[in-house]
Amino acid sequence: MRYVDGYVLPVPKKNLDAYRRMAKKAAKIWREHGALDYKECVGDDLDVKFGMPFTRPIKLKPGETVVFAYILFASRAHRDRVNAKVMKDPRLADSMDMKSMPFDVKRMVYGGFKVLVEA
């Protein structure tokens, strides 16, 4: 069963270029270590009238936008193997300093998910 790591996080709009550079580097590393797909998506239509908008649980502040992202794996075991390799990759080490992240790490929402429906 395919598996997805998903996350939603606030990014100051002024930091989007820095975030994009970091995300492109991360995407390359995850894909090289076996991830099937890697997507980083920036908020566009966040003023929804139904349900809870992504902006609420991360407490979006003025000047910020939302990034929604996911990484696709063949299974949870595959995810665990890939992530273990990624975390040991020295190319990622320089971008793991929580103080220099271009977003507020404490407000990131994250989790692992079994794919329920795939079309």
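The values are calculated or read from the model by the stated rules, or taken from the named source; none is laboratory data. Small disclaimer: the values here were computed from a predicted structure and weren't measured. Please note: Cβ atoms are built from the backbone with ideal geometry, for glycine as well, and neighbour counts cover all protein chains shown.
Quick grid of which residues meet (1) surrounded by fewer than 10 Cβ atoms within 10 Å (Cβ to Cβ); (2) in a loop (DSSP other than H, G, I, E, B):
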{"residue": "ILE58", "(1), (2)": "no, yes"}
{"residue": "HIS78", "(1), (2)": "no, no"}
{"residue": "MET87", "(1), (2)": "no, no"}
{"residue": "MET96", "(1), (2)": "yes, yes"}
{"residue": "VAL117", "(1), (2)": "yes, yes"}
Filter result (closer than 23 Å to LYS14 by Cα and hydrophobic (A, V, I, L, M, F, W, C)) within segment 46-72:
LEU46, PHE54, ILE58, LEU60, VAL66, VAL67, PHE68, ALA69
Cβ pairs under 7 Å, 6+ apart, first in segment 21-42 and free of Cβ contacts under 8 Å to residues at least 40 places away in the same chain and of a type in the set (Val, Ile, Thr), second crowded, with 16+ Cβ neighbours inside 10 Å and in a strand (DSSP E or B):
VAL42/THR65; VAL42/VAL67
Checking ASP47 against (1) farther than 20 Å from ASP104 by Cβ; (2) surrounded by 12 or more Cβ atoms within 10 Å (Cβ to Cβ): exactly one of these is not met. Which one?
(2)
Restricting the search to segment 98-115, which residues are at pLDDT below 95 and either part of a loop (DSSP other than H, G, I, E, B) or of a type in the set (Val, Ile, Thr) (or both)?
MET101, PRO102, PHE103, ASP104, VAL105, MET108, VAL109
